[in-house]
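The values are calculated or read from the model by the stated rules, or taken from the named source; none is laboratory data. Treat the numbers as computed from the prediction; the structure is a model and nothing was measured. Heads up, the Cβs are rebuilt from the backbone with ideal geometry, glycines too, and the neighbour counts pull from every protein chain shown. What goes into the accessible areas is simple: the full protein's heavy atoms, side chains included, and nothing from ligands, DNA or RNA. Shrake-Rupley method; radii C 1.70, N 1.55, O 1.52, S 1.80 Å.
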Amino acid sequence: MSTTQNSSNSASFIEAQQYSKFMLENLNDGFLPDNFFRNVSDFGNGTTLNIKTVGTVALQEVSEATPLVYNPIDTGQVQLTINNYVGDAWAISDILRQDGADIESLLASRAMESTRAFQEDAETRFLETCNNAQTAADANNVNGFAHRTIATGSNKTLALADIIALGLAFDKANVPAQGRVLVVDPVTAAVMSLHFTATYVANANPKFVGMLDTSFANEGRFVTSLFGFDVYTSNRLPRATAIEAVGGGSSAVGDVANIAMCIADDNCKPIMYASRQAPSAETERNKDLRQDEFIVTARDGFGVQRLDTLAVIFTDATATS
């Protein structure tokens with residue numbers, strides 16, 4: 001009587017652990033457009049760039065036979081410094097290359113995540129520069145209107161009145177109507193979605209119909225302009241590190257600094273940027289350790305060039321109502 005070849009007498013041919021060719025990668029969000037800051041092109045040497053600024057002129061009353069007072073115009077300067085030098089390094093051993101599977105896919109994924117890390121670092125520092133440009137615990141008034149405020153909605157959520165007030169503050173600061181953007185946390189985007197009912201959307205403003213399908217946040221950007229601002233979302237907005245009493249409200253540690261600015265042209269943009277060395281990779285063979293080594297480094301810096309086209313609104317990091 002013959003014996004069937006089965007799992008008992010052929011156990012050595014059963015590989016209980018199997019590995020898929022599919023590699024599970026990180027879920028990543030999108031980045032803000034790279035035109036949010038002025039890219040300085042005339043800064044090829046040195047570490048600090050100085051840019052001259054001029055103030056405004058005030059007219060004076062004139063009387064017959066009375067000489068005018070000679071008033072010099074206010075002058076000053078702003079600076080940008082190359083102060084960020086970051087890098088990434090990794091290596092792969094010969095043994096792993098020889099014995100491993102899908103190693104090239106691993107290396108490709110490692111390289112992509114490295115590139116993304118540089119992008120995230122730059123965007124995070126850009127938004128931090130915007131917040132740090134202002135004076136903490138101060139309204140940062142421009143022509144009498146606050147450019148640093150606390151959201152007035154319940155539980156420090158963003159109210160429509162806050163965006164209207166922001167637009168007024170920009171109007172009083174002579175900020176161009178074109179190119180106004182507001183970068184908010186996804187929690188605030190959810191709050192804004194709750195401000196509009198289906199009835200209001202359908203009957204009062206056909207432009208908001210798309211919001212019913214995608215909500216306000218859609219691949220990093222709101223569906224439409226709101227009170228003159230194109231609204232973007234970002235998970236990299238800075239957080240309050242101390243309590244700030246501004247106007248009639250107060251921020252708490254951990255509150256989100258939502259940032260508004262005008263990016264109509266390079267003269268309007270509040271932040272400037274210079275890259276001395278874009279992320280560049282070097283590869284070498286380490287024969288002593290028998291491994292291939294990879295290094296990526298970058299040098300750049302952000303600077304503040306004007307404050308009148310910049311505003312910050314603090315909101316609670318988790319409250320949606």
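Below, the figures for the structure above:
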quantity: Estimated inter-spin distance, Asp230 and Lys172, nm [label 7 Å along Cα→Cβ]; calculated: 2.7
quantity: Backbone N under 15 Å from the Gln98 label point (7 Å along Cα→Cβ), restricted to the range 280-304; calculated: 287-292
quantity: Where the range 233-321 is the region considered: accessible area per residue in Å², 1.4 Å probe; calculated: 45
quantity: With every protein chain in place, the range 260-321: carbon and sulfur % of accessible area (1.4 Å); calculated: 47
quantity: Alpha carbon centroid spacing (whole Å) that separates the range 61-83 from the range 115-138; calculated: 32
quantity: Å² of accessible area per residue within the range 50-156, as computed with a 1.4 Å probe and no ligands counted; calculated: 66
quantity: Using a Förster distance of 22 Å, the FRET efficiency for Ser321-Ala161 (Cβ separation, nearest 0.05); calculated: 0.85
quantity: Bins of 5 Å, starting at 0 and running to the largest distance - Cα pair percent for the range 57-160; calculated: 2, 7, 9, 9, 11, 8, 9, 9, 8, 7, 6, 5, 3, 2, 1, 1, 1, 1, 0, 0
quantity: Contact order relative to length of the range 116-192, as percent, for alpha carbon pairs under 8 angstrom and 6 or more apart; calculated: 21
quantity: Cut-off 19 Å (backbone N to label point 7 Å along Cα→Cβ of Ala139), residues of the range 160-176; calculated: 161-175
quantity: Contour excess over end-to-end distance, with Cα ends at Arg276 and Ala65 and 0.36 nm allotted per residue; calculated: 70.2 nm
quantity: Percent accessible area from carbon and sulfur atoms, the range 42-145, protein chains only, probe 1.4 Å; calculated: 52
quantity: Within-14-Å neighbourhood charge of Phe145 [Cβ basis; K, R +1; D, E -1]; calculated: -2
quantity: Extension gain, Thr297 back to Ser250 (0.36 nm per residue minus Cα-Cα distance, nm); calculated: 12.9 nm
quantity: Neighbour net charge for Glu244 - beta-carbon separation under 9 angstrom, K R +1, D E -1; calculated: -1
quantity: Contour excess over end-to-end distance, with Cα ends at Thr241 and Asp74 and 0.36 nm allotted per residue; calculated: 56.7 nm
